[in-house]
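Visitor: The structure that follows is given in the form of structure tokens.
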Amino acid sequence: MFAVIMAGGQGARFWPRSRKKRPKQLLDIVGSESMIRQTVDRLLPFVNPEDIYVVTGMEHVEELIGHIPDLPSENIMAEPVGRNTAPCIGLAAMRLKKLDPEGVMAVLPADHVILDKGGFLETLRNACEVAKSGDYIITLGMTPDRPETGYGYIKKGDLTTPLIPLLNKEGSTKRGVVESGLSPTRFEAYHVERFVEKPDRATAEQYVKSGEYLWNAGMFLFKVSTILRAIERYMPELYIGLLRLEPALGTEEQERALNDVYGELPSVSIDYGVMEKADNVLVIPSTFGWNDVGSWTAIDDLLPRDEHGVVAQAEHISIDTKDCIVYSPKKLVATIGVSNLIVVETEDALLICDKSRAQDVKKVVEILEREGRDKYL
């Protein structure tokens, strides 16, 4: 099995902490280690370091290697320009094709938090067995515990029964199917009926109440050959570009070829380019304490709050303050009579934002880009 970690992107909703040269995945948003370090560490019990690959931006390679020195440096694949998740996954698959075209690759974002590491690894093992058993594209869907408007959703279709090796208590395998009784829930998988975009509150409430929808976590498993065939079928323009790159991948010519070709590839997400079109997509319902840490409000779910609902990563004086997030590693912050605020202080910037507008922090980054104020980016 291979693991491919997608470590591109800036994490603009975490401005002013996240910057172009130091994106979210290189920050210690939750815990003492960076998010990329945490992602690698939870994989290591299941995947060898030499089988973990990372796709990141060219400008982040040097610092990223410093965070994960136990991975071979040649396993860090540098995109000269960001082209969304479909080219990223296709690039990694084409590289892995040279090693084992029938190997299973797990594709995981670098900037997610997973609280139940044991449950995550069990789910990953089970999904890997399903992926090995046939021509399946598998996505992990998180069982929702609240109506969330910040996530996309997956609607479950029919329960499927792929023939798979079921693990027994001793760790050996036995051929069986999902309903065999050997493992009644661990291999539950459904055909995907449809993917849906982030809903409004009322729609999200309906989704959760129905029990038919899962959060789209953006984590996938499939055989290398399976995803390449899907890209060839549904994204022929991308596939042609990947074929141009193939001879150079894993050689000294890789960087030159990427500089020549990668910018010409279509910028499309794997969800839109493949997942929404393919008829062999399965979803495995999962519960392992997942959070995509999409904005500052995610801190509310991941860090301890005081009796007034305040999360403070700062020296903080709180007077009549409720439900606030305060981050200020170097300056004392005092808040009086305020509620539902995000206050983030860095060396050169200060963010004050109503928690209900946390998704709009990226608009600040867009304005800074438009106005050419690069020193704040």
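Visitor: If you take the residues of segment 35-59 that are assigned to a helix (DSSP H, G or I) and in contact with a strand residue (DSSP E or B) (Cβ under 7 Å, 6 or more places away or on another chain), which of them is farthest from residue 221 (Cα to Cα)?
Guide: Filtering first and then ranking leaves 58.
Visitor: Within segment 217-225, can one find any residue that is modelled with pLDDT under 95 and either of a type in the set (A, V, I, L, M, F, W, C) or touching a helix residue (DSSP H, G or I) at 6+ places or on another chain (Cβ under 7 Å) (or both)?
Guide: Within segment 217-225, one or more residues are modelled with pLDDT under 95 and either of a type in the set (A, V, I, L, M, F, W, C) or touching a helix residue (DSSP H, G or I) at 6+ places or on another chain (Cβ under 7 Å) (or both).
Visitor: Which one is surrounded by the most Cβ atoms within 10 Å (Cβ to Cβ) among residues in segment 315-367 that are more than 32 Å from the chain's Cα centre (by Cα) and not in a strand (DSSP E or B)?
Guide: Here the answer is 321.
Visitor: Take residue 90 and decide whether it is within 22 Å of residue 273 (Cα to Cα) and in contact with a helix residue (DSSP H, G or I) (Cβ under 8 Å, 6 or more places away or on another chain).
Guide: So residue 90 fits the description; yes.
Visitor: Here's another thing I want to ask about it. Spot the failing condition for residue 25; the list is (1) in contact with a strand residue (DSSP E or B) (Cβ under 6 Å, 6 or more places away or on another chain); (2) among the polar types (S, T, N, Q); (3) surrounded by fewer than 22 Cβ atoms within 10 Å (Cβ to Cβ), and only one is missed.
Guide: So the condition that residue 25 fails would be (3).
Visitor: Test residue 312 against the stated conditions and say whether it is in a strand (DSSP E or B), buried (at least 19 other Cβ atoms within 10 Å of the Cβ) and of a type in the set (A, V, I, L, M, F, W, C).
Guide: Against the criterion (in a strand (DSSP E or B), buried (at least 19 other Cβ atoms within 10 Å of the Cβ) and of a type in the set (A, V, I, L, M, F, W, C)), residue 312 qualifies.
Visitor: Follow-up question, since we're still on this one. Any chance you could count how many residues in segment 10-26 are within 15 Å of the chain's Cα centre (by Cα) and in a loop (DSSP other than H, G, I, E, B)?
Guide: Result for segment 10-26: 3.
Visitor: Next up: Considering only segment 280-309, how many residues are in a strand (DSSP E or B), among the aromatic types (Phe, Trp, Tyr) and under 30 Å from residue 331 (Cα atoms)?
Guide: Qualifying residue count, segment 280-309: 0.
Visitor: Checking the condition more than 23 Å from residue 364 (Cα to Cα), at pLDDT below 95 and small (Gly, Ala, Ser), which residue from 286, 318 passes? Walk me through it before giving the result.
Guide: On the way: 318 fails: at pLDDT below 95.
The conditions single out 286.
Visitor: If you take the residues in segment 368-377 that are basic (Lys, Arg) and in a helix (DSSP H, G or I), which one is nearest to residue 150 (Cα to Cα)?
Guide: Our first condition is that a residue be basic (Lys, Arg); within segment 368-377, this holds for 370, 373, 375.
Subsequent filtering for residues that are in a helix (DSSP H, G or I) retains 370, 375.
Details: 370: 25, 375: 29 Å.
My answer is 370.
Visitor: Residue check: is residue 143 at pLDDT 60 or above, closer than 27 Å to residue 41 by Cα and hydroxyl-bearing (Ser, Thr, Tyr)?
Guide: yes
The values are calculated or read from the model by the stated rules, or taken from the named source; none is laboratory data. Computed from a predicted model, the values in this text were never measured in an experiment. All Cβ positions, even for glycine, are placed from backbone atoms using ideal geometry, and neighbour counts span all protein chains on display.
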